[in-house]
Amino acid sequence: MIFDIAARSLASSKVLIPVEQLLGDCTGSRMPEVDPERLSFDAAIRAVEACPTSALQLEGRDGARQLVLNYGECTGCGNCVEASRGALRAAKRLVHCGVSKSALIRRWDIDSRNERFSDDPVAAGAASEIRALLGRALNIRQVDAGSCNGCEAEIGALTNPYYDLERFGIHFVASPKHADMLLVTGPVTHNMAEALKRTYEATPSPRLVVAVGACGCTGGIFAGSYAISGAVDQVIPVDGYIPGCPPTPAMLVTGILRLLGGRALKGL
Ligand code: SF4
Ligand code: SF4
């Protein structure tokens with residue numbers, strides 16, 4: 001079998017995915033989005049009632065009824081897509097990766113069928129300091145603070161020949177002392193809270209912290225559990241959030257590069 005894989009790899013002229021194809025792509029993540037043309041109050045109610053987390057909410061704002069979608073809480077279960085009969089669909093592009101927590105939230109006016117756009121506050125101050133210091137290299141320490149390992153499976157794929165994160169000068173390191181960025185997965189369990197704090201303290205400043213997955217962003221399906229201290233930002237300061245359950249490698253690349261900024265992200 002290993003020889004089949006090698007033969008297929010050699011026969012393929014284009015194995016490495018170009019960065020333009022990765023940025024913003026969320027195919028396979030099952031993250032939903034609204035099809036404004038098909039949005040109605042009934043469809044919105046059906047979707048909200050089908051959502052097993054509080055990712056979907058109905059709100060009244062400025063006299064308008066709104067459907068609110070918080071990607072930080074979305075597990076990509078697909079219930080809303082089925083229940084709304086087409087008003088919500090699986091998204092193919094999602095630029096809400098590596099953004100602030102408030103920028104994980106999208107709103108659609110139900111009556112006018114328009115999305116309400118808000119400013120997208122991307123990264124905190126540390127990002128600009130890091131950009132100035134980094135040049136062309138970034139070292140990441142991944143911390144599993146209580147994950148189911150679904151997020152780790154996708155993070156592991158970042159170093160394979162398809163995604164090849166190393167081509168951007170980004171490497172995974174074994175020690176926080178060598179790291180510029182902490183990539184933290186999972187709801188932070190009580191048992192891992194102290195270890196996460198110590199890892200953060202051992203990482204030299206300026207440093208970036210990225211909360212990964214629904215669990216890292218908000219606690220995900222474990223929010224409120226007796227066994228967890230909370231989302232990552234309830235334990236250490238976080239600079240950017242990458243949603244998904246789990247996020248795909250393309251979403252992870254988008255989030256990491258977005259936090260670092262640069263020419264590759266123009267137009268994203
Ligand atoms: S896909 Fe996300 S928003 Fe839709 S029902 Fe599932 S958790 Fe809720
Ligand atoms: S976000 Fe989903 S895949 Fe990632 S650790 Fe939580 S449950 Fe697992």
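The values are calculated or read from the model by the stated rules, or taken from the named source; none is laboratory data. Keep in mind it's a predicted model, so treat the numbers as computed, not measured. FYI the Cβ positions are ideal-geometry reconstructions off the backbone, even for glycines, and counts take in every protein chain you see.
What the table shows:
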{"read-out": "Hey, V81 in contact with a Pro (Cβ under 6 Å, 6 or more places away or on another chain) and either more than 16 Å from ligand 2 (Cβ to nearest atom) or modelled with pLDDT under 95 (or both) or not", "value": "yes"}
{"read-out": "Residues within the stretch 79-116 that are touching a Cys at 6+ places or on another chain (Cβ under 8 Å), of a type outside the set (A, V, I, L, M, F, W, C) and touching a residue at least 60 places away in the same chain (Cβ under 8 Å), tallied", "value": "3"}
{"read-out": "Count - residues of the stretch 42-56 that are in a helix (DSSP H, G or I) and either without any contact (Cβ under 8 Å) to a residue 12 or more places away in the chain or of a type in the set (V, I, T) (or both)", "value": "3"}
{"read-out": "Selection status of E194, among the acidic types (D, E) and within 13 Å of P246 (Cβ to Cβ)", "value": "no"}
{"read-out": "Filtered residues of the stretch 187-230 (kept if away from ligand 1 (no atom under 16 Å from the Cβ) and under 17 Å from Y71 (Cβ atoms))", "value": "V210, A211, V212"}
{"read-out": "Subset of the stretch 184-240 [polar (S, T, N, Q), within 16 Å of ligand 2 (Cβ to nearest atom) and not in a helix (DSSP H, G or I)]", "value": "T185, T189, S225, S229"}
{"read-out": "Qualifying positions in the stretch 222-234 - in contact (Cβ under 8 Å) with a residue 12 or more places away in the chain, more than 11 Å from A211 (Cα to Cα) and either hydroxyl-bearing (S, T, Y) or crowded, with 23+ Cβ neighbours inside 10 Å (or both)", "value": "S225, I228, S229"}
{"read-out": "Spans of strands (runs of 3 or more DSSP E) in the stretch 94-174 with at least 1 residues within 28 Å of P204 (Cα to Cα) and modelled with pLDDT under 95", "value": "138-144, 170-172"}
{"read-out": "Residue within the stretch 68-76 that is surrounded by 17 or more Cβ atoms within 10 Å (Cβ to Cβ), more than 16 Å from ligand 2 (Cβ to nearest atom), modelled with pLDDT of 95 or more and acidic (D, E) present", "value": "no"}
{"read-out": "Hits in the stretch 235-252 - residues which are within 19 Å of C74 (Cβ to Cβ) and of a type outside the set (G, A, S)", "value": "V238, Y241, I242, P243, C245, P246, P247, T248, P249, M251, L252"}
{"read-out": "Hits in the stretch 22-41 (condition: closer than 9 Å to S84 by Cβ and either of a type in the set (K, R) or assigned to a helix (DSSP H, G or I) (or both))", "value": "R38"}
{"read-out": "Residues being away from ligand 2 (no atom under 16 Å from the Cβ), over 12 Å from W108 (Cβ atoms) and exposed (fewer than 14 other Cβ atoms within 10 Å of the Cβ) - total across the stretch 26-53", "value": "2"}
{"read-out": "Unique residue being in contact with a His (Cβ under 7 Å, 6 or more places away or on another chain) and on the phi < 0 side of the Ramachandran plot when the list is L67, L58, L104", "value": "L104"}
{"read-out": "Yes/no for E33 being of a type in the set (D, E) and touching a Leu at 6+ places or on another chain (Cβ under 8 Å)", "value": "yes"}
{"read-out": "The stretch 62-116 - residue that is over 20 Å from D239 (Cβ atoms) and hydroxyl-bearing (S, T, Y) and, of those, nearest to ligand 1 (Cβ to nearest atom)", "value": "T75"}
